[in-house]
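Asks: Dropping a structure here in structure tokens format, bear with me for questions.
The values are calculated or read from the model by the stated rules, or taken from the named source; none is laboratory data. Just so it is clear, the model here is predicted, and its values are computed rather than measured. Heads up, the Cβs are rebuilt from the backbone with ideal geometry, glycines too, and the neighbour counts pull from every protein chain shown. Accessible surface is based on the protein model in full, side chains and every heavy atom, while ligands, DNA and RNA are left aside. Shrake-Rupley method; radii C 1.70, N 1.55, O 1.52, S 1.80 Å.
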Amino acid sequence: MEELFFIQHDVIPALWRGLLVSIRLIVPSAICGLIIGVFIGVSRVFGGTVIKTCANIYVALFRGFPLVVQLFIWYFGLPHIGIYMSPFLASVFGFSLCSGAYHSEYVRGALLSIKQGQLLAARSLGFSKMKMIISVVLPQAFRRALPGCGNEIIYLIKYSSLAYMITCIELTGEGKIIASETFKYTEIFFIVGIVYLLLTSVASWLLHRIENNLRLPGFDHYAL
Amino acid sequence: MKMIRNSVLRVEGMTKRYGQKEVLKNASLTVNEGELKILIGPSGGGKSTLLQCINFLVTPDAGRVWLKGEEIIRTHKRALYAYRQKVGMIFQDFNLFDHLTALNNVTIGLVRVRGMHKQEALDKAVYELERVGLKDHIYKYPAQLSGGQKQRVSIARALAMDPEVMLIDEPTSALDPELISEVLAVIENLRANGMTMVMSTHHMGFAREVADEIVFLEDGCILETGTPDKIFLRAECERTRAFCSKILELYGNA
Amino acid sequence: MPVTGKHVVDMMESVAAIKEALPYLLHGSVVTMGLVCGAMILGLTLGIFLAVGQVYGGAVLRSVIGVYVWFFRGVPLLVLLFLFYFGLFSLLNINLSAFTVAAIVLGLISSAYQSQIFRGAIVSLPEGQFKAARALGMSDRKSIFYIILPQALRLSIPAWSNEYSIVLKDSAVAYALGVMEIMARAHFVASRTYEHFPLYFTAGGIFLVLTYLGTKGLGILEKKVSIPGYTR
């Protein structure tokens, strides 16, 4: 009985608070990350030499450095050149830039997978460049990039827990605090784990639904 | 005996270089209304390049093009897009849009480029697909069609734009042998209906039977032009004779 | 921005800080590689069994493995580290160092991912291979270990090298348990010398080098064990 009371009065409100912070971290990071990814991916395919090189360096660095290192750079490093960010802002900033680099890989691959011949065919029908991108390139690239980018968002949900390491108290952080107070580490972290599991499962279920709705013959995504 | 025909397409002095290599040297030709001109010659001789230079998919280094007496200014975007609508193009490897059904492959140009009403475009697309014998396949995606069917969809896609002239680039060379005849039959049918066409092919039998005029291209040069009988039986140029006899030796009269 | 004397002094100080901290950080890379090697080996061993179980096992085994994979792929590393280090292991009265727990947790997660790599490779092999092995009178177990796995593991090397770089980067999270790997040391020095940028960049650079060396090595391995004339 006492256990139940404790869970109802202490654990659930704290974790709920944390969950809301986590979601507030994940949603803007996912959106910004995607925008950055599309931007960088397009530059890596269609950009001039200078832009291409810059984009490639960006991707190499942000995919090569562990996310923890990146978060530390933004949170502990930037104040040394006079830029101060709250833990929350630094987290969103770090997540967006990092996942943008990963998204750009899928965007780039999707753009490259569109056969050149189809662009010739569109031009031979009298399409302008803009119309060609809208009616031929994007619908196909979107489908090809979707599985990879969706996976990246699922990774982002999990990696959002690293915000705790730069003192942004989200779901993991609230769990850590309440667990250290009560010494019920196993129970609390099990519950926290289940919450993340639910988040990632719902996200991947949604992703599969979108993929299935958009599935066309010849666009089956390659297994693993 | 020969009717006086109006020229539909006139190409003059087409030249294209890739780096040092000149793949097209000063090629000129005139295509008259209702005429089927067939380009023959060894692979890499410049046939594809010539066809793609005609509608500026490949930017030529020099050369001018007139459609129905009006010169096309390549740098004028709007004019260029309008011109391409009037010139249908058929590619060796079909180049269907993979994300669209056969039907929508045909309608997309009508709706997005010509601004036609959706329903009108659908009706027209169905009609064109019926014409190439694909009534039962209009809702299939490219991945669900055979090579011959894909090529016929691409012909329907080009026809739907009501082109003044069609450029057809080796339409059968990516096809299995048993599928070739269905595509050639469609092209023969077009000719019977008076479509103006320029086509490159390796099918000498087909060329001899249906072409009005044959153009022999080698190393980027037009070496000889003439009726099928002239090219196959009384070619003036040594290279033409050598090419024709080699092809005949390889494939018989097919 | 014009380069002033102050900038030059700053730069020299940064270089000096990196120089001083480098041996200490490189020592951390030994710890990091220990974590990664332990995790990859555990992940490989478990992953192979999970994959074989998932392809050839009965319905019950398959769903148990399915839940395992779902769990370890769906829960964040940091939460699992806390759960195992502060929770499960102490609950079971098992006393393990932070390093060992981190290696085990990284290995368990990696086993879930690796099992999917191997499963994909096994499924992609032509069916005739298994049939031919059976036709020779091999038991199912022998067919799997002598015929199927040697081929499947070869096919898995590119994906495996990708997994290596992920585990390598994830290992930096072990800092949360106080494991003195590269990141922990960089932060330790940075908070004393206030040279955050240079030290974090050096740490990141070490990770880049380790990624490069590892994938290069696996690329060489892939060439070495490749079957002549076998292309996919």
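Asks: Among the numbered criteria (1) under 23 Å from A:Ile81 (Cβ atoms); (2) modelled with pLDDT of 90 or more, which one does C:Ser191 miss?
Replies: With respect to (1) under 23 Å from A:Ile81 (Cβ atoms); (2) modelled with pLDDT of 90 or more, C:Ser191 is out only on (2).
Asks: On to the next question. Can we say C:Gly217 is surrounded by fewer than 20 Cβ atoms within 10 Å (Cβ to Cβ), modelled with pLDDT of 90 or more and not aromatic (Phe, Trp, Tyr)?
Replies: When the stated conditions are applied, C:Gly217 passes them.
Asks: Further question on the same structure: I'd like the residue in the stretch A:124-139 that is surrounded by fewer than 22 Cβ atoms within 10 Å (Cβ to Cβ), assigned to a helix (DSSP H, G or I) and of a type outside the set (A, V, I, L, M) and, out of all such residues, is modelled with the lowest pLDDT.
Replies: By that ranking, first place goes to A:Lys129.
Asks: Count, please, the residues in the stretch A:26-65 that happen to be over 19 Å from A:Asn151 (Cβ atoms) and either crowded, with 21+ Cβ neighbours inside 10 Å or polar (S, T, N, Q) (or both).
Replies: Residues in the stretch A:26-65 being over 19 Å from A:Asn151 (Cβ atoms) and either crowded, with 21+ Cβ neighbours inside 10 Å or polar (S, T, N, Q) (or both): 7 in total.
Asks: Further question on the same structure: Which of the residues that make up the stretch A:98-145 are at the interface with chain B (Cβ under 10 Å from one of its Cβ atoms), aromatic (Phe, Trp, Tyr) and in contact with a helix residue (DSSP H, G or I) (Cβ under 7 Å, 6 or more places away or on another chain)?
Replies: Within the stretch A:98-145, just A:Phe127 meets the criteria.
Asks: In addition: Tally time: how many residues in the stretch A:161-179 are more than 8 Å from every other protein chain (Cβ to nearest Cβ) and in a helix (DSSP H, G or I)?
Replies: The number of residues fulfilling the criteria is 7.
Asks: Tally time: how many residues in the stretch C:83-114 are in a helix (DSSP H, G or I) and either touching a strand residue (DSSP E or B) at 6+ places or on another chain (Cβ under 6 Å) or under 19 Å from C:Gly38 (Cα atoms) (or both)?
Replies: 20
Asks: Can you tell me which residue among B:Thr240, B:Thr172, B:Thr225, B:Thr201 is more than 19 Å from B:Gly44 (Cβ to Cβ) and in contact (Cβ under 8 Å) with a residue 12 or more places away in the chain?
Replies: So the residue among B:Thr240, B:Thr172, B:Thr225, B:Thr201 that is more than 19 Å from B:Gly44 (Cβ to Cβ) and in contact (Cβ under 8 Å) with a residue 12 or more places away in the chain is B:Thr225.
Asks: Just to verify a result, which residue in the stretch C:128-155, among those that are surrounded by 17 or more Cβ atoms within 10 Å (Cβ to Cβ) and closer than 13 Å to C:Val52 by Cβ, is modelled with the lowest pLDDT?
Replies: C:Phe130
Asks: Keeping to the stretch B:82-101, report how many residues are over 14 Å from B:Arg114 (Cα atoms) and facing chain A (nearest Cβ under 7 Å).
Replies: Counting residues in the stretch B:82-101 that are over 14 Å from B:Arg114 (Cα atoms) and facing chain A (nearest Cβ under 7 Å) gives 7.
Asks: Restricting attention to the stretch B:189-209, does a residue exist that is touching a Gly at 6+ places or on another chain (Cβ under 8 Å) and of a type in the set (Phe, Trp, Tyr)?
Replies: no
Asks: Give me a count of the residues in the stretch B:43-66 that are within 14 Å of B:Arg10 (Cα to Cα) and buried (at least 20 other Cβ atoms within 10 Å of the Cβ).
Replies: Matching residues across the stretch B:43-66 total 7.
Asks: Report, by residue number, each residue of the stretch C:162-193 that is more than 7 Å from chain A (Cβ to nearest Cβ), among the hydroxyl-bearing types (Ser, Thr, Tyr) and open to solvent by 30 Å² or more (accessible area, probe 1.4 Å).
Replies: C:Ser191, C:Thr193
Asks: Then there is this: Which pairs have Cβ atoms under 6 Å, sit 6 or more apart or on different chains, and link a residue in the stretch C:91-112 that is over 19 Å from C:Ile65 (Cβ atoms) to one that is open to solvent by 60 Å² or more (accessible area, probe 1.4 Å) and in a helix (DSSP H, G or I)?
Replies: Every condition considered, the pairs that remain are C:Val101/C:Tyr85.
Asks: What number goes with the only condition from (1) in contact with a Gly (Cβ under 8 Å, 6 or more places away or on another chain); (2) open to solvent by 10 Å² or more (accessible area, probe 1.4 Å); (3) over 20 Å from B:Ile187 (Cα atoms); (4) within 14 Å of chain A (Cβ to nearest Cβ) that B:Ala79 does not pass?
Replies: B:Ala79 satisfies all of (1) in contact with a Gly (Cβ under 8 Å, 6 or more places away or on another chain); (2) open to solvent by 10 Å² or more (accessible area, probe 1.4 Å); (3) over 20 Å from B:Ile187 (Cα atoms); (4) within 14 Å of chain A (Cβ to nearest Cβ) except (1).
Asks: Scan (1) buried (at least 23 other Cβ atoms within 10 Å of the Cβ); (2) under 27 Å from A:Leu214 (Cβ atoms); (3) at pLDDT 90 or above for the single condition B:Gln119 breaks and write down its number.
Replies: Condition not satisfied by B:Gln119: (1).
Asks: Consider the stretch B:128-144. How many of its residues are surrounded by 14 or more Cβ atoms within 10 Å (Cβ to Cβ), free of Cβ contacts under 8 Å to residues at least 40 places away in the same chain and over 20 Å from the mean Cα position of the chain (by Cα)?
Replies: Residues meeting the conditions: 5.
Asks: Are any residues in the stretch A:140-154 of a type outside the set (A, V, I, L, M, F, W, C) and either at pLDDT 95 or above or open to solvent by less than 30 Å² (accessible area, probe 1.4 Å) (or both), and if so, which ones?
Replies: Scanning the stretch A:140-154 gives A:Gln140, A:Pro147, A:Gly148, A:Gly150, A:Glu152.
Asks: Okay, next question. Do you know which residues across the stretch C:50-82 are touching a residue at least 40 places away in the same chain (Cβ under 8 Å) and away from every other protein chain (no Cβ under 14 Å)?
Replies: C:Leu50, C:Val52, C:Tyr56, C:Ile65
Asks: Now a separate question. Within the stretch A:5-28, which residues are out of contact with any Asp or Glu (no Cβ under 8 Å at 6 or more places or on another chain), of a type in the set (A, V, I, L, M, F, W, C), within 18 Å of A:Ser180 (Cβ to Cβ) and at pLDDT 85 or above?
Replies: Within the stretch A:5-28, A:Ile12 is the sole residue that qualifies.
Asks: Out of the residues in the stretch A:180-200 that are open to solvent by 30 Å² or more (accessible area, probe 1.4 Å) and not hydrophobic (A, V, I, L, M, F, W, C), state the one that is nearest to the other protein chains (Cβ to nearest Cβ).
Replies: A:Tyr185
Asks: Right, next: Suppose we filter the stretch A:91-119 for residues that are open to solvent by 40 Å² or more (accessible area, probe 1.4 Å) and under 22 Å from B:Gly88 (Cβ atoms); how many remain?
Replies: 2
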